[in-house]
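The values are calculated or read from the model by the stated rules, or taken from the named source; none is laboratory data. Being a predicted model, the structure only gives us computed values, none of them experimental. Cβ placement follows ideal geometry from the backbone for every residue including glycine, while neighbour counts extend to all protein chains displayed. The area values use the complete protein model at the heavy-atom level, side chains included, leaving out ligands, DNA and RNA. Shrake-Rupley method; radii C 1.70, N 1.55, O 1.52, S 1.80 Å.
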Amino acid sequence: MPGIIQSLLDTDLYKFTMMQAVLHQFPGAQVEYKFKCRSPGVQLAPYVDEIRDEIRQLCELRFTEAELDYMRSMRFVKSDFVDFLGLFKLNQKYIHLTPLDNGEVDIRVRGPWLHTIMFEIPVLAIVSEVYYRNTQPGLDLAEGRRRLDEKLRLVETPALHGIRIADYGTRRRFSRDWQREVVQTLKQRLGSTGQLTGTSNVLFAMELDLRPMGTMAHEYLQACQALGPRLRDSQVFGFEKWAQEYRGDLGIALSDVYGMNAFLRDFDMYFCKLFDGARHDSGDPFQWGERMIEHYKTNRCDPRTKTIIFSDGLTIQRCIELFERFDGRIQVAFGVGTNLTNDVGPAALQLVLKMIECNGQPVAKISDTPGKTMVEDEGYLSYLRQVFDLPAPPPAVPINRPLPIIR
């Protein structure tokens, strides 16, 4: 049976944009990633052999000449990077799967960053699809189509013709075929109005003649904690290296690796003018948007010339609410993931594969959303908070003590 992943383009664009930066800026970096299923009580261990077999098939894939030509057509992709992709192949020796006694699965990826960066998205898509095809065999997708139709009807009004939505749902999709159907439906329903801006999935962008979307992810700025000259300057170092690599292209900065306060301290007038905008991925999106607008004004930038992108667990209804708040004040766009590609009835799995180490040093992000921070070295996390002058998280409520009743 053909594998779930049948093309190395079946991943998010930002994996390629970061990979090119790694090739040119940090070719010797060594990293480690760790898998986590944030959904409680999910048993993945029974499917570990099936997941392993899918990963084996993933590691046999190579880029075709047509795929390399497509990558070459992107203005920001450099010829030597395409040459490298022509030789590239994922190596199974860098990924390790271990079933645990509690029914969970430990997945670790260790090796050169340049040769491991492409594991994340396809491995998460594999775990998700293997889980659902075992727990929901033969699921009737009529409910998913009904929900998708209901969502699209919300934006198919003249008042919302200015809204801009992209598919960001590869990693947690219900299945490859369902994501393809969703993206095709989005193109049919929203393409002619310009409301669909594209998809993060490079394969579907190529096949459906859509714009591939993406710039940087958390792992890039996390790795800079180990690769930069000084920890306190790691965010500035990462932005400067990105600008050096892309010379004004792909100018959307990720804002939540150290929280909004630290981002605004580092994202000074130089970066405000150099970058096209910023992406939100944790914390209150309305507060974040207001702060970005004020920050641009303070740094003598007209917010109407800048773009903010929201991408944190969005629903179509939340996109509409944010659009109505910020439209006309700043350019707004939305990346919608799981709510589009895994809303077919069963609850979607919250899966991540995060970088936890670079060059033998712990790395982490301190999210504006509690529960998103992922690190194995708590001492390093405390040090990171101290360096970036971040408040300690609120103490956890013991699960064996009842919450007080507030009257």
By residue number, the members of region 161-177 that are acidic (Asp, Glu) and open to solvent by 10 Å² or more (accessible area, probe 1.4 Å) are ASP177
A careful count of residues in region 12-51 that are surrounded by fewer than 18 Cβ atoms within 10 Å (Cβ to Cβ) and free of Cβ contacts under 8 Å to residues at least 60 places away in the same chain gives 3
Filtering region 292-343 down to residues that are of a type in the set (D, E, K, R), over 27 Å from ARG176 (Cα atoms) and not in a helix (DSSP H, G or I) yields ARG300, ASP302, LYS306, ASP327, ARG329
Within region 240-263, the residues that are open to solvent by less than 10 Å² (accessible area, probe 1.4 Å) and either under 18 Å from GLN225 (Cβ atoms) or assigned to a helix (DSSP H, G or I) (or both) are TRP242, GLU245, ALA253, LEU254, SER255, ASP256, VAL257, TYR258, GLY259, ALA262, PHE263
Residues of region 192-209 being farther than 18 Å from MET118 by Cα, out of contact with any His (no Cβ under 9 Å at 6 or more places or on another chain) and open to solvent by less than 10 Å² (accessible area, probe 1.4 Å), in sequence order, are GLY198
Note on region 270-305: residues basic (Lys, Arg) and open to solvent by 90 Å² or more (accessible area, probe 1.4 Å) are LYS273, ARG291, LYS297, ARG300, ARG304
Filtering region 290-332 for residues that are farther than 24 Å from GLU143 by Cα, more than 15 Å from the chain's Cα centre (by Cα) and in contact (Cβ under 8 Å) with a residue 60 or more places away in the chain leaves a count of 3
> Does at least one position in region 122-140 carry a residue that is surrounded by fewer than 21 Cβ atoms within 10 Å (Cβ to Cβ), without any contact (Cβ under 8 Å) to a residue 40 or more places away in the chain and of a type in the set (S, T, N, Q)?
Replying inline: no
Counting only strands (runs of 3 or more DSSP E) entirely within region 15-124, those with at least 1 residues that are in contact with a helix residue (DSSP H, G or I) (Cβ under 9 Å, 6 or more places away or on another chain), over 24 Å from THR199 (Cβ atoms) and among the small types (Gly, Ala, Ser) are 105-112
Checked region 184-234 for anything part of a loop (DSSP other than H, G, I, E, B), in contact with a strand residue (DSSP E or B) (Cβ under 9 Å, 6 or more places away or on another chain) and of a type outside the set (S, T, N, Q); matches are LEU210, ARG211, MET213, GLY214, MET216, ALA217
Apart from one, (1) surrounded by 21 or more Cβ atoms within 10 Å (Cβ to Cβ); (2) over 21 Å from MET213 (Cα atoms); (3) β-branched (Val, Ile, Thr) all hold for VAL336; the odd one out is (2)
In region 341-386, anything of a type in the set (S, T, N, Q) and open to solvent by less than 30 Å² (accessible area, probe 1.4 Å) is listed as THR341, ASN342, SER367
